[in-house]
Amino acid sequence: MAESFGNSFTVVQVTGDDTKTQIWIAVAKPSQAVTLVLAAAPEGSTAEVLRVALTPTSSECSKNSI
């Protein structure tokens, strides 16, 4: 059986060796997100959790776009 990482998502900023920054979305709790992202990111990348607050309006837009 697959391991559950929760039902929330975490926004992670990834910076590669070339200093290029990307924003990744991890379907995981913040405590697990950086580890999961670094496992998938190119070697030498760094990652940190970004604190992103959804407003009621943006949350509703997200629900409608799925």
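The values are calculated or read from the model by the stated rules, or taken from the named source; none is laboratory data. What you are looking at is a predicted structure, and each value in this text was computed from that prediction instead of being measured. Cβ coordinates were reconstructed from backbone atoms using ideal geometry, including for glycine residues, and neighbour counts include every protein chain displayed. Heads up: the accessible areas ignore ligands, DNA and RNA and are worked out on the full protein's heavy atoms, side chains in. Shrake-Rupley method; radii C 1.70, N 1.55, O 1.52, S 1.80 Å.
A few points about this structure:
- Cβ crowding within 10 Å averaged over residues, with 23-31, 40-48 ranked highest first: 23-31, 40-48
- For L38, net neighbour charge (Lys/Arg +1, Asp/Glu -1) across residues whose Cβ lies under 14 Å away: -3
- On the beta carbon distance between E43 and D18, with R0 = 22 Å, the FRET formula returns roughly 0.95.
- The residues of the range 6-52 present an accessible area of 68 Å² per residue when probed at 1.4 Å with all protein chains retained.
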